[in-house]
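Engineer: I'd like to ask you about the structure that follows.
Since every read-out is calculated from the coordinates, none of them should be taken as a lab result. Being a predicted model, the structure only gives us computed values, none of them experimental. Neighbour counts run over all protein chains shown; Cβ positions are idealised from the backbone, glycine included.
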Amino acid sequence: STIPIIFIGAKEDLFHNTSLKLRLIIMIVSSFLFIYLLPTKLPEIEFPIISQFLSFSIINEAFFIFSILVIMNGNNLIDGVNGNMALANMVQLVVILLLAIHLEDRPVVDVCLIIMAPLIIFFIFNFPFGKIFSGDAGAYFYGFSISALVIYLFGKYEQLLSWSAILILIYPSVELLFSFIRKKMFENKSP
């Protein structure tokens with residue numbers, strides 16, 4: 001399910017001519033594929049009003065697709081802030097890794113280690129000045145992968161509180177929200 005995102009991100013990185021609508025459509029397709037192919041159920045949201053609203057299957061799936069889109073785009077914005085994405089994603093992956101070790105989920109541990117390795121190398125060459133960016137392909141891939149790992153882990157293990165997932169993913173979400181507000185209200189630009 002990450003293949004369409006990698007291709008559209010790489011196309012944008014190389015040619016800078018991919019429309020926002022096409023990128024959004026591809027992100028939705030990839031997110032839908034992930035939700036459709038997910039071997040576990042979707043996580044429960046432990047918030048009174050929201051959990052009742054999400055009890056409808058199609059609304060629940062749409063919510064998680066939207067959540068993945070927010071993390072991917074937030075990750076892309078973080079990458080543009082002095083290449084800050086590598087450190088933020090490494091912290092997120094370490095938290096997921098520790099949860100997976102505690103739960104003895106070896107496949108998630110392996111995936112975390114595999115996708116963290118390039119980030120560590122990237123971070124070593126990029127710290128402290130942040131002159132290199134991962135581009136849309138890297139930002140979309142890592143945003144998608146991290147949100148997919150969180151959805152998988154929290155869907156498979158009901159004992160994990162959904163609030164923990166929010167804490168893991170809060171930074172890209174807040175960055176996207178603040179960028180949206182800044183562009184709309186203070187710069188009079190289209191977000």
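Engineer: Sorted from largest down, give the three principal axis spans of the alpha carbons of segment 27-99, whole angstrom values.
Structural biologist: The Cα atoms of segment 27-99 stretch 41, 28, 26 Å along their principal axes.
Engineer: Continuing with this model, one more query. Of ALA139, ALA117, ALA165, which is the most mobile in a GNM of the chain whose springs link Cα atoms less than 10 angstrom apart?
Structural biologist: Maximum fluctuation in the GNM of the chain, among the listed residues, is at ALA117.
Engineer: Here's a follow-up. Residues with beta-carbon under 12 Å from that of SER19, excluding SER19: net charge, scoring Lys, Arg +1 and Asp, Glu -1?
Structural biologist: Around SER19, the charge tally is +2.
Engineer: Grab the other residues whose beta carbon is less than 13 angstrom from that of ARG182, score K and R as +1, D and E as -1, and report the net.
Structural biologist: Overall, the nearby charge balance is +1.
Engineer: Which of the lysines could be linked to LYS184 by a straight reach, that is with a Cα gap under 21 Å, when you skip same-chain ones fewer than 8 residues away?
Structural biologist: LYS21
Engineer: Excluding ILE8 itself, calculate the net charge of residues whose Cβ lies under 14 Å from the Cβ of ILE8, where each Lys or Arg counts +1 and each Asp or Glu counts -1.
Structural biologist: 0
Engineer: Sticking with this structure for a sec: What are the semi-axes of the equivalent ellipsoid of segment 118-191, taken as the square roots of 5 times the eigenvalues of the Cα gyration tensor, listed largest first and rounded to whole Å?
Structural biologist: Values for segment 118-191, descending: 26, 22, 11 Å.
Engineer: Which of the listed residues, ALA10, ILE35, ILE71, is farthest toward the dipole's positive end in segment 1-84, when Lys, Arg count +1 and Asp, Glu count -1 at the beta-carbon?
Structural biologist: So the residue we want is ALA10.
Engineer: Using only C-alpha positions, report the orientation-averaged shadow area of the convex hull of the chain, nm², one decimal.
Structural biologist: That works out to 11.5 nm², a quarter of the Cα hull's surface.
Engineer: Then there's this: Expressed in nm to one decimal, what extension gain is obtained for the pair PHE63 and PHE32 from 0.36 nm per residue of sequence separation less their Cα-Cα distance?
Structural biologist: Stretched fully, the PHE63-PHE32 segment lengthens by 10.1 nm.
Engineer: What does the C-alpha gyration tensor say about the overall shape of segment 145-188? Classify as rounded when a/c is under 1.5, otherwise prolate if a/b is larger than b/c, or oblate.
Structural biologist: Here segment 145-188 falls in the prolate category.
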